[in-house]
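To start, the structure itself, in structure tokens.
Any read-out appearing in this document is the output of simple, stated calculations on the displayed coordinates, not a laboratory observation. What you see is a predicted model; the values in this text were computed from it and never measured. No Cβ is skipped: glycine too gets one built from the backbone with ideal geometry, and neighbour counts run over all protein chains shown.
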Amino acid sequence: MPIEVIRIERTPNPNARKFVTPSDSPMPIRSFFAADQARSDPLGSALFGIDGVTNVLIHTNFICINKSQDSKWATIEQAVKAVLNDAR
């Protein structure tokens, strides 16, 4: 089932964005600081498949993505939306 992104919020960290999802579709909380940690998690693994993603926090109604300093948000935001749209 696709995961809808209601809005994208900036955080105090310029290399992090919060992708807010509906509160009626809560997700189990988990975090990954490296791609190998997310290997058994389909959503986490797919998010790490995006070039420039450095860590992922999946919370009950948002997903926080951190990127490498030299990556561009415009590209990553579109890729995150695509991954969430294809989520099962």
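Odds and ends about this structure:
- Selection from the range 53-65 of residues that are crowded, with 16+ Cβ neighbours inside 10 Å and in contact (Cβ under 8 Å) with a residue 40 or more places away in the chain: PHE62, ILE63, CYS64, ILE65
- The number of residues in the range 53-63 being within 18 Å of VAL5 (Cβ to Cβ) and in a strand (DSSP E or B) comes to 6.
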